[in-house]
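The values are calculated or read from the model by the stated rules, or taken from the named source; none is laboratory data. Since the model is a prediction, treat every value here as computed from it, not as a measurement. No Cβ is skipped: glycine too gets one built from the backbone with ideal geometry, and neighbour counts run over all protein chains shown. To get the accessible areas, we keep the full protein, side chains included, count just its heavy atoms, and leave off ligands, DNA and RNA. Shrake-Rupley method; radii C 1.70, N 1.55, O 1.52, S 1.80 Å.
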Amino acid sequence: MNGRIVVVSLAVLMVLVLTAWVFVYLKPWVVRMVALYPYTLSATFEELERLFERENGGVDLELKPYHVREELYTLLDEGEVDIVIAEDLSVMEMLSENGYVNWYLEFATGDGGTAYYIAVSRNSKHLEQALAFTQLLLSEEGKDVLREYGYEPVTPAMGFGDVPEELREYALEFKSVIDWLGRRVIVPKPVKRVVSIVPMITLSILMMDGGDLLVGVDSVSPTSELLTKVFPQIKNIPVAGAPWSVNIELILSLDPDVVLTTDRPMEVVKKFEELEIPVVIVPMGRLHCDQLPEAIRLIGKVIDREDKAEELASYCEEKMMALMNVTSKIPRSERAKVYIAISDGLKTHITYISRDIVWIAGGVNVAENLSGPAGGGPPMAAVSMETVLTWNPDVIITWDPKVKELILSDPRWAEVNAVKNNRVYVIPRGLRSWITPEPEAFLGAMWLAEKLNPDAFSFNFEEEVKLFYHRFLGYELSDEELSRILSGEYGVEIPGT
Amino acid sequence: MVSRYQVLEDILEEVRGRKSLVATALILAPILSFLLSLLVGRYQISPQIVFSVLISKILPFHYDVPKQVEIVIIQVRLPRAIAAALVGAALALSGTSFQGLFRNPLVSSQILGVASGAGFGAALALLLSGDPVIVQVSAFGFGIVAVAISYALSRTYRETSLLTLVLAGIVVGALFSALISLIKYVADPYEKLPSITFWLMGSLSAVSFRELTWNFIPIVVPCIILVLARWRLNVLSLGEEEAKALGIDVERMRMLVISCCTLMTAAAVSIAGMVGWVGLVIPHIGRMLVGPDHKVLVPASIAIGAAYLLIVDSMVRIVSTFEMPLGVLTAIIGAPFFAYLLRKRTVSWR
Amino acid sequence: MRLEVRGLHFSYTPEREVLKDISFDVERGDIFCVLGPNGCGKTTLLKCLGGILKPNKGSILLDGVEASTISRAEYAKLVGYVPQEHGLVFPYKTIDVVLMGRAPHLGIFSTPSEKDYRIAEEALREVGIYHLKDRPYVELSGGERQLVIIARVLAQQPEILLLDEPTSHLDIKNQMAILRIVTKLAEQGMTIVMSTHFPRHALLFSSKVGIMVGGRFIAIGNPEEVVTEERLKKAYDIDIKILTVKNPLGDRAIKVCIPVEALSGRQLVGGAWSRV
């Protein structure tokens, strides 16, 4: 009898002890959350943990510090992780690419400009609590803790990716873009105020329906006659200058989300960086033809017109491929020798694009081995009459009708093949000349292909141009405008008139 | 004291002593450099063919060459060589005249702003039209306008003093330089700006007989006038008072020299663009060779200027496929030489 | 040639008249010496006479002909001017400098002929520096330069010669050389107007003296009568004694001017006396 009581009591006691142990130590109702963070933040996060657990009874935050980013990846692979803190945007981008996280926030900066990011794992089973911790981190309380430990909270935090509803009040959304030089540039998302100080970039933006985002434009675009017809609003947009003569104060006053420019001169880019104006570099002027679609995609990404940009870029690629399919089979020796005549006829274009377009069109640019002055020099070279006579080009394409007239009236040119065979053509000019590095260059390539090999190509070119303007600029070209484009008659208006 | 330039000095002394030798050299130099400049170029033609074609043009016999070869010799090289000779002579002569007139060996043909004015005229025309004819006319016109403004500004006092004239020239030059910058600022950097830049650096690559016919008279006529009036430059270089005491109508004489120099320089600049240093350095070379007497110095400057530009332009043509700017090369050669003269100033002036 | 000046006024700026009512005559073969302190207007007067400055009022008559009616080239054939200072920038040869005196005789488009060369060489011989013919002018001494400029004015063959302090900056030998030439020219019939600082030169070499103070003549006339101790004091503002010295080589007594300070025992630097 006694023994039974003892046994039962013992059993009950054991159960009680077991239960107590379970309750005291295992706490099955407590939510357990794992956060990975760089060990340098240990003290801060221990403080935050206390704060969090005091306010959120029943949640147990487990802190796992890591020392190097490889360790972070291992920890992520090993087990469930709810919250990730990282010291570097590139880490977050990597996690984002690999599907660990959908979004991340920059919440603080530390010594030497280190930026700190927080993200909640996409697979987190404790989404609500993880978001609650993030909210705490972004709240005034959390910021006080950060300040206490010598970090500067980013207010509002900068959000990247699909930032959840709960956090939107704490964060502005941003995106990071890698520009042509590989610089990472952080720009607001969506971009609302864009400044472009390079005409070719301005045109690309217009062609991807981004005209309404422009708050400042280059000094050249508003002088293009056709452009002011296609996009009349350009007259009302402040002129921000050009890369070498940029109006920094005006740009500051325009409060742009991003400035698109080229890298020459680099001092201007540095200036923008100093002033903390996000600046994306797309060096349109010195791109190869096949790089243009990529540049267009990049611009599209910056101004959140990815779809339109893709459409434009693939249009360019298609046209290029269609031409190349035919022309790449033409051996060099059989290609027509093409000379591009500018100004007084003895200046020629030496940009990549002017060589590429001739090549794609099935010719070869006689001046392809000329290189211009290095650096930001003019994209032109001067040649002597004798050099031209030595080249003896089969086809001359001229920058404008005046150059053609000049060449045809000058006895020195009379014995050049192109003149003898009446193959001097004026390069068409739409928004800009068709051999400048902007999407219209591909129309230029088609035009030239037809001139060089009339037998091989027979597309309905006029329809094509109208379609291009309709599709990318929403503009219906009249027949008169079309014929002016093709005859190269569209001049550039004189600034100020 | 043995100067490190002693050797050169000795040679020059030697040369100065042999007047006829110097005279012969001065006559031959432009002729030889003219022939040289007809022989060199990118288009390969043997000297024999060049001369045969040239002679066949003068003497009535037929010489059969491909049409293109003939074009290269007659339409391309010949006008270019003539232009180089004319421009070099004009710039050197106006430099010499101005140095005499202003009694200052440091002035050049550009002192009254003619080059800046012409540069502005060309830049403006390149911006607005681009037609080479208009560019030339505009360069010529604005070159003259610039000097006219300088002269008018300095006339605000009772009479023109040289100092106010020089100051007015500097002011006008600066004004037009600023206007050039303004045009470069507004010019489309992908289309217009390079043409303007090229023009401003100077080149003879586009010269044809058409340009020459227009500019022949404004260069040659003032040239003849100055050669005839060259001895008066000696008297003018004594200064205003002494020249007056020697019966010279200083005001009118100055006007004549300035008009002639301006016409020549404006025409030269409108053909060749900005070609610096010729008008500054050549007079000094001339003085080293034949002394300061303008009676001899003026023809010597013409010969040396023509030869110098012919040789530099020949170099421009050979050096590379693309055309090196002429103005750049004349400066690269002229500036170090001038630096030497500055160090050794007793050679040519006190 | 007779030179008459009547009521001449000149001012650079309207506020200050530099020459006030100047009138005098100089006859052919006369040496008219203008004495006066620095800044009294001597140089300005000579420039007016030389046609370099235009007088505001008054007339200059050459043999009765109004100067302003004569063309500049013609005027330069009649009147030669030797400036006090002349800066040459270019190192012309001496003969070239002298040749420039032929300018009024040559047309705008002519260069000097053989004849002009001979005249220039003759002028150099006349002043005794023919041997310097091919030397650069800038390398010559001060005295030689002055002689070159006088040779130049001789090559100009004028009838009236204006000399602005021709003896300043020169040593005694050169002073005498110049004055000898001037006297000879006067004897040949040239009319000479010369400014000087040295009353002694006026007393010894001139046929007529004018003492100029503050832009006007206080006296004009015979040197013996005009150059008095009172007038010199008025002109130079120091006490000057005029001593009559027996001429050891002739009968005529010579007058010498010496500052009283120098006589009163306080020694001036030795050489300074002879200059006064």
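Please work out the Cα center distance from the range C:15-51 to the range C:189-233, rounded to the nearest Å.
11 Å
Given charges of +1 on the Cβ of Lys and Arg and -1 on the Cβ of Asp and Glu, with all other atoms neutral, how large is the dipole of the range B:18-325 about its Cα centre, in debye to the nearest 20?
480 debye
Taking the Cα atoms of chain B alone, what are Rg (to one decimal) and Dmax (as a whole number) in Å?
20.7, 66
Restricted to Cα positions, what overall size does the range A:192-311 have along the principal axes? Three whole-Å values, descending.
Rounded to whole Å, the extents work out to 35, 30, 24 Å.
Roughly how large is the A-B contact in terms of buried accessible area, totalled over both chains, probe 1.4 Å, nearest 100 Å²?
The contact between B and A buries close to 3500 Å².
Normalise the Debye intensity by I(0) for the range A:100-227, one equal point scatterer per Cα, no solvent, then take log10 at q = 0.09, 0.15, 0.20 Å⁻¹ and round to two decimals.
For the range A:100-227 at q = 0.09, 0.15, 0.20 Å⁻¹, log10 I(q)/I(0) is -0.39, -0.81, -1.11.
Write down the Å³ per residue value for the convex hull defined by the alpha carbon atoms of the range A:19-98.
113 Å³
Calculate the spin-label point distance for A:Leu275 paired with C:Ser59, positioning each point 7 Å from the Cα along the beta-carbon direction, and give it in nanometres.
Simple spin-label model gives 7.6 nm for this pair.
Can you show me the helix-derived [θ] at 222 nm for chain B, built from DSSP H runs with n ≥ 4 at -39,500 (n - 2.57) apiece and divided by the number of residues, rounded to the nearest 500.
Roughly -24500 deg cm²/dmol at 222 nm, from the helical runs in chain B.
Shape of the range A:311-359 from its Cα gyration tensor (a ≥ b ≥ c, root eigenvalues): rounded if a/c is under 1.5, otherwise prolate when a/b > b/c, or oblate?
Verdict is oblate for the range A:311-359.
For the range A:279-408, go through all pairs of different Cα atoms, get the mean of 1/r, take its inverse, and jot down that Kirkwood value in Å.
Every distinct Cα pair counted, the radius reaches 16.3 Å.
Take A:Asn392 and A:Val326, extend 7 Å from each Cα along the Cα→Cβ direction, and tell me the distance between the two endpoints in nm.
With each label placed 7 Å out from Cα toward Cβ, I get 2.8 nm.
Considering all alpha-carbon pairs of the range C:143-221, what whole percent are spaced by more than 16 angstrom?
Tail of P(r) above 16 Å: 51 percent of Cα pairs.
In Å, what Kirkwood hydrodynamic radius results for the range B:220-350 from the alpha-carbon pair distances?
16.3 Å
Round to the nearest 10 and give me the degree value, 0 to 90, for the angle of helix A:292-302's Cα axis relative to the longest principal axis of chain A.
For A:292-302 against chain A, the angle is about 40 degrees.
Can you tell me the orientation of helix A:461-473 relative to chain A, as the angle in degrees between its alpha-carbon axis and the longest Cα principal axis, to the nearest 10?
The angle comes out at about 30 degrees.
Add -39500 (n - 2.57) for each DSSP H run of 4 or more in chain A, then divide by its residues: what number comes out at 222 nm, to the nearest 500 deg cm²/dmol?
-12000 deg cm²/dmol
Report relative contact order for chain B in percent, whole number only (criteria: Cα-Cα under 8 Å, sequence separation at least 6).
29 percent
In the P(r) worked out for the range A:27-176, what percent of Cα pairs fall beyond 23 Å?
Tail of the P(r) past 23 Å holds 28 percent of the pairs.
Quick one: if you take sqrt(5λ) for each eigenvalue of the C-alpha gyration tensor of the range C:190-251, what semi-axes come out, biggest first, whole angstrom?
20, 17, 9
In the P(r) worked out for chain C, what percent of Cα pairs fall beyond 29 Å?
Roughly 35 percent, rounded to a whole number.
Over the alpha carbons of the range C:25-168, what is the largest minus smallest coordinate on each principal axis, giving the biggest first in Å?
44, 36, 29
With N set to the number of residues, divide the alpha-carbon radius of gyration of the range A:412-469 by 2.2 N^0.38 Å and report two decimals.
With N residues counted in the range A:412-469, Rg over 2.2 N^0.38 Å equals 1.29.
Working from the alpha-carbon coordinates of the range B:147-305, get Rg over Rh, Rh being the Kirkwood radius.
1.01
Just tell me which aspartates and glutamates come within less than 12 Å, Cα to Cα, of A:Lys337; anything on the same chain fewer than 8 places away is out.
Qualifying aspartates and glutamates at Cα under 12 Å: A:Glu368, A:Asp394.
Give the Cα extents of the range B:141-230 along the principal axes, in whole Å, largest first.
49, 33, 16
Provide the FRET efficiency to the nearest 0.05 for the A:Arg193-A:Thr40 pair, computing r from the beta carbons and using R0 = 45 Å.
Efficiency, from the Cβ-Cβ distance: 0.80.
A:Ser409 to B:Leu21: FRET efficiency via 1/(1 + (r/R0)^6), r the Cβ-Cβ distance, R0 56 Å, to the nearest 0.05?
0.70
Along the charge dipole of the range A:303-389, which of A:Ala381, A:Ser333, A:Ser354 sits closest to the positive end, that is, farthest toward it, with unit charges on the beta carbon of Lys, Arg, Asp and Glu (+1, +1, -1, -1)?
The Cα lying farthest towards the positive end belongs to A:Ser333.
Determine the distance separating the Cα centre of the range A:1-69 from the Cα centre of the range B:17-37; give it in Å without decimals.
The range A:1-69 and the range B:17-37 have Cα centres separated by 107 Å.
Under 13 Å from the Cα of B:Lys295, which aspartates and glutamates turn up, not counting those fewer than eight places away in the same chain?
By straight Cα distance, B:Lys295 reaches C:Asp96.
Working only with C-alpha atoms, what are the Rg and Dmax values of chain A, expressed in angstrom?
31.8, 134
So how far, in whole Å, is the C-alpha centre of the range B:75-134 from the one of the range B:281-350?
If you average the Cα positions of each part, the centres end up 15 Å apart.
Under the definition of Cα pairs under 8 Å and six or more residues apart, what whole-number percent is the relative contact order of the range C:20-173?
About 30 percent, as a whole number.
Grab the beta carbon distance between B:Ser320 and C:Gln84, set R0 = 60 Å, and tell me the FRET efficiency rounded to 0.05.
That gives a FRET efficiency of 0.50.
How large is the Kirkwood hydrodynamic radius of the range C:66-147, counting all unique pairs of alpha carbons, in Å?
13.9 Å
If DNA, RNA and ligands are ignored and the probe is 1.4 Å, what is the ranking of C:Met1, B:Met315 by accessible area, most exposed first?
Highest to lowest solvent-accessible surface, that is B:Met315, C:Met1.
In nm, to one decimal, how far is the A:Leu75 label point from the A:Met94 one, both placed 7 Å along Cα→Cβ?
It is 1.4 nm.
Helix A:306-327 versus the longest principal axis of chain A: what is the Cα-based angle in degrees, 0 to 90, to the nearest 10?
That works out to roughly 40 degrees.
Give the accessible area for B:Ile31 in Å² (nearest 10); use a 1.4 Å probe, count only protein heavy atoms, and leave out ligands, DNA and RNA.
90 Å²
Ignore the peptide's own chain and count Cβ atoms of other chains within 10 Å of each Cβ in A:333-345; give me the average, rounded.
For this peptide, the per-residue mean of nearby foreign Cβ atoms is 2.
Do any chymotrypsin sites (Phe, Trp or Tyr not before Pro) in the range A:5-88 lie in a loop, going by DSSP, with at most 12 other beta-carbon atoms within 10 Å of their beta carbon, and if so which?
Filter output for the range A:5-88: A:Trp29.
Find the eigenvalues of the gyration tensor of the Cα atoms of the protein assembly as shown, then list the square roots of 5 times those eigenvalues as equivalent ellipsoid semi-axes, largest first, in whole angstrom.
87, 45, 24
Taking N as the number of residues in the range A:328-486, what is its Cα Rg relative to 2.2 N^0.38 Å?
1.03
Once ligands and nucleic acids are excluded and a 1.4 Å probe is used, how much of A:Lys301 is accessible, expressed in Å² to the nearest 10?
Answer for A:Lys301: close to 90 Å² accessible.
Exceeding 27 Å between C-alpha atoms, which entries from my cross-link table qualify? They are A:Lys308/A:Lys347; C:Lys42/C:Lys208; A:Lys319/B:Lys184; C:Lys20/C:Lys208.
Correct reply: A:Lys308/A:Lys347; A:Lys319/B:Lys184.
Over chain A, what is the relative contact order in whole percent, taking alpha-carbon pairs under 8 Å and six or more residues apart?
Value for chain A: 10 percent.
Which sequence of A:Glu93, A:Glu476, A:Glu440 reflects their accessible areas, 1.4 Å probe, from the largest down?
Of A:Glu93, A:Glu476, A:Glu440, the descending order of accessible area is A:Glu476, A:Glu93, A:Glu440.
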